[in-house]
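Written out below as structure tokens is the structure these notes cover.
The values are calculated or read from the model by the stated rules, or taken from the named source; none is laboratory data. Keep in mind it's a predicted model, so treat the numbers as computed, not measured. We place every Cβ from the backbone using ideal geometry, glycine too, and count neighbours over all the protein chains shown.
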Amino acid sequence: MTGFVWYLTVFVLAAFVGFEVISKVPSILHTPLMSGSNAIHGIVLVGALVIMGEATGPAQVVLGFIAVFLATLNVVGGFVVTDRMLEMFRAKPDARPAPPERGGPPGPEAR
Amino acid sequence: MSAVTEVAASLPLSTWRSAIYLVAIVGFVIALKGLSSPKHARRGNLAGAAAALLAIAITFSAGSVTHSVRNLSLALVAMALGAVVAVPAARMVKMTAMPQMVAVFNGVGGGAAALVSVTELLHVHSTGTSPATYVVVEAVLGVLIGCVSFAGSAVAFAKLQELMATRPIVYAGQQPINAVVALGILVLALLGIVTGATGYVFGVLVLSLVLGVIFVLPIGGADVPVLISMLNSFTGLAVAASGFTLGNSLLIVAGTLVGASGMLLTRLMSKAMGRSLPNILFSAFGAVVTATATAEGLDGKAVKSSTPDDIGVLLAYARKVVIVPGYGLAVAQAQHVVKELADLLSARGVEVFYAIHPVAGRMPGHMNVLLAEANVPYDELKEMDEANPELPTADVALVVGANDTVNPAAVDTPGSPIYGMPIIHADQAQHIVFLKRSMRPGFAGIDNALLFDDKTVLLFGDAKDTLQKLVAAVAAV
């Protein structure tokens with residue numbers, strides 16, 4: 001139970017940090033922020049790995065397997081999508097004049 | 001020095017693992033902080049990815065993860081499958097489909113968190129001990145929030161992908177049914193907590209999936225971005241709850257960071273729409289609109305449409321042109337050609353800038369991402385509050401695929417469901433030019449009286465196509 005109270009302390013403090021860190025994000029970065037924080041909660045993969053490792057019955061194995069799969073989708077997909085969005089913010093317009101049809105990052109949207 | 005290494009060597013591996021988790025937590029905070037400026041955002045995201053990679057890698061040092069070769073290999077297979085699916089999906093998704101993609105990745109995260117919680121409970125039972133009450137409480141919370149997020153994200157995805165009606169879906173007895181389901185969850189949760197039996201927790205799981213669906217159905221298309229932001233926050237909390245169940249501080253902190261930041265972002269977004277969060281969630285916004293809007297005096301008036309050549313001349317001889325982009329710009333992939341038009345006009349000495357509504361497109365900042373892709377300079381992107389004072393002196397407001405965000409009903413029609421939402425005051429410009437695919441109303445499903453205004457002309461067609469014709473027309477002037 002002392003463990004629980006300790007975790008509760010961590011939880012409350014982390015909530016304050018979350019508010020503080022985010023309150024300064026300009027609105028133009030809201031989409032990448034949503035996507036980036038979405039990737040961060042993909043860290044649930046760590047929890048999924050733990051339950052998968054200690055799974056005993058077939059039910060636990062199946063549920064664990066699905067959990068690891070879904071969590072991997074979240075963490076990998078989340079960071080890749082966010083990176084793709086942010087890649088576009090990198091280009092400074094004056095640094096290199098871009099022809100209008102210049103493709104973005106690889107992918108079908110670059111047509 | 002040797003004393004330090006001795007101490008270090010004497011520490012158990014689990015202590016080292018916790019220390020590395022702490023490093024990862026710092027990485028996540030840096031990641032969120034990096035997103036505060038376009039300059040550091042990408043580095044921030046990479047820091048987050050590195051932190052996640054580090055934490056995942058060190059997790060394999062735990063005996064509980066590796067002791068069963070079969071489980072370990074299954075875990076590796078599941079990870080490989082996940083990566084094989086996620087990377088191409090994330091790489092190839094069109095910029096227009098980003099919001100759906102975020103909804104999907106968010107939903108699966110919620111599902112994973114729910115499964116972690118319930119499986120941990122099963123595991124504790126299978127070891128022959130009965131879990132402490134607070135462990136069951138945490139697991140139930142993780143299952144509940146995770147499943148609502150999973151099912152809600154699935155419906156949000158279907159709405160954004162237009163696999164189903166984007167309008168709010170309402171039916172008789174909706175609120176009572178929702179209340180009954182919520183009550184059922186509460187009862188099952190209490191039974192699960194009191195008896196410690198996992199059967200009840202599975203009941204919570206199923207009913208939470210139902211709740212996720214029926215909770216999202218009445219939320220209209222225009223509000224889906226706010227919804228996704230909220231579900232993102234939910235998933236964070238579900239991950240934190242599963243962290244409590246497992247006694248893992250990394251999951252608690254990372255989940256809570258996302259939960260808190262997501263709540264804040266959700267509030268900012270609903271504020272940008274001039275509405276309260278409960279109003280967005282429970283008012284079935286836009287459901288009853290068609291009847292009122294069509295009855296409301298739009299009859300008898302006809303829209304004026306024009307040709308690209310005429311509009312090209314209008315633009316070329318304007319002094320100030322304000323471009324108001326919306327989702328239609330994204331659909332048509334017209335961000336490059338709109339920049340071409342803007343550059344051409346600037347070269348003629350026309351003052352051009354973009355007026356960005358905070359919820360233009362389907363996610364906040366959606367337009368900024370698209371226009372950044374086309375290398376539009378930041379200083380040409382003006383936020384609503386900055387742009388609105390300029391509009392009365394603008395010669396032309398060029399509305400490219402936007403609708404609800406310029407609908408004056410938000411200002412002058414108290415009965416309208418979008419009444420009170422701040423808008424871009426395109427109606428104050430000397431001329432308003434709408435590029436539209438059809439007369440279909442916007443995502444909110446509301447007719448727009450501005451289309452029928454005397455100052456307004458319409459150019460029908462695909463936005464990219466029309467813009468290309470405008471570019472040719474301006475070049476020919």
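Okay, residues lined up against (1) part of a helix (DSSP H, G or I); (2) over 14 Å from the mean Cα position of the chain (by Cα); (3) modelled with pLDDT of 80 or more:
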| position | (1), (2), (3) |
| --- | --- |
| B:LEU209 | yes, yes, yes |
| B:THR235 | yes, no, yes |
| B:LEU251 | yes, yes, yes |
| B:LEU257 | yes, yes, yes |
| B:ARG275 | no, yes, no |
| B:LEU281 | yes, yes, no |
Check your understanding: Taking B:LEU74, is it within 7 Å of chain A (Cβ to nearest Cβ), surrounded by 15 or more Cβ atoms within 10 Å (Cβ to Cβ) and either of a type outside the set (A, V, I, L, M, F, W, C) or over 29 Å from A:THR31 (Cα atoms) (or both)?
Key -> yes
Check your understanding: So which of B:PHE150, B:PHE202 ends up being of a type in the set (Phe, Trp, Tyr), closer than 21 Å to A:SER37 by Cβ and either surrounded by fewer than 18 Cβ atoms within 10 Å (Cβ to Cβ) or within 25 Å of the chain's Cα centre (by Cα) (or both)?
Key -> B:PHE150
**Study point:** Answer from B:GLY142, B:GLY146, B:GLY111, B:GLY107 - the residue that is at the interface with chain A (Cβ under 8 Å from one of its Cβ atoms) and in contact with a Ser or Thr (Cβ under 9 Å, 6 or more places away or on another chain)
**Key:** B:GLY111
Review point. Is it true that some residue in region B:396-405 is surrounded by fewer than 21 Cβ atoms within 10 Å (Cβ to Cβ) and touching a residue at least 24 places away in the same chain (Cβ under 8 Å)?
Key: no
Study note, to complete from the structure: Scanning region B:153-176 for residues that are buried (at least 24 other Cβ atoms within 10 Å of the Cβ), at pLDDT 90 or above and aliphatic (A, V, I, L, M) gives B:VAL155, B:ALA156
Check your understanding: Across region B:231-265, what is the total count of residues that are more than 7 Å from chain A (Cβ to nearest Cβ) and surrounded by fewer than 24 Cβ atoms within 10 Å (Cβ to Cβ)?
Key -> 1
**Study point:** Qualifying residue in region B:116-128 (condition: within 25 Å of the chain's Cα centre (by Cα) and closer than 18 Å to A:THR56 by Cα)
**Key:** yes
Revision key, fill the gap. Scanning region B:205-230 for residues that are under 25 Å from B:MET98 (Cβ atoms) and of a type in the set (Gly, Ala, Ser), the one surrounded by the most Cβ atoms within 10 Å (Cβ to Cβ) turns out to be B:SER229
Practice item. Give the residue that is nearest to B:GLY109 (Cα to Cα), with candidates limited to residues of region B:125-147 that are surrounded by fewer than 22 Cβ atoms within 10 Å (Cβ to Cβ) and at pLDDT 90 or above. Key: B:LEU141
Check your understanding: Considering only helices (runs of 4 or more DSSP H) fully contained in region B:362-448, which possess at least 3 residues that are at pLDDT below 85?
Key -> B:366-373, B:409-412
Check your understanding: Which of (1) surrounded by fewer than 22 Cβ atoms within 10 Å (Cβ to Cβ); (2) modelled with pLDDT under 85 does B:ALA316 not meet, given it meets every other one?
Key -> (2)
Review point. Would you say B:VAL337 is facing another protein chain (nearest Cβ under 9 Å) and touching a Leu at 6+ places or on another chain (Cβ under 6 Å)?
Key: yes
Review point. Which of the following residues is under 29 Å from the mean Cα position of the chain (by Cα), of a type in the set (A, V, I, L, M), over 19 Å from A:THR72 (Cβ atoms) and not assigned by TED's automatic domain parsing to the domain that holds B:VAL124: B:ALA41, B:ALA89?
Key: B:ALA41
Practice item. Determine which single condition B:ALA355 fails, assuming it passes every other condition in (1) at pLDDT 85 or above; (2) touching a Gly at 6+ places or on another chain (Cβ under 6 Å). Key: (2)
Check your understanding: Which of the residues spanning region A:61-79 are surrounded by fewer than 24 Cβ atoms within 10 Å (Cβ to Cβ) and at the interface with chain B (Cβ under 7 Å from one of its Cβ atoms)?
Key -> A:VAL61, A:LEU63, A:PHE65, A:ILE66
Review point. Which condition does B:THR96 not pass, out of (1) modelled with pLDDT under 85; (2) assigned to a helix (DSSP H, G or I); (3) more than 12 Å from chain A (Cβ to nearest Cβ), if it passes all the others?
Key: (3)
Check your understanding: Restricting the search to region B:322-361, which residues are among the aliphatic types (A, V, I, L, M), within 15 Å of B:LEU160 (Cα to Cα) and outside any helix (DSSP H, G or I)?
Key -> B:VAL359, B:ALA360
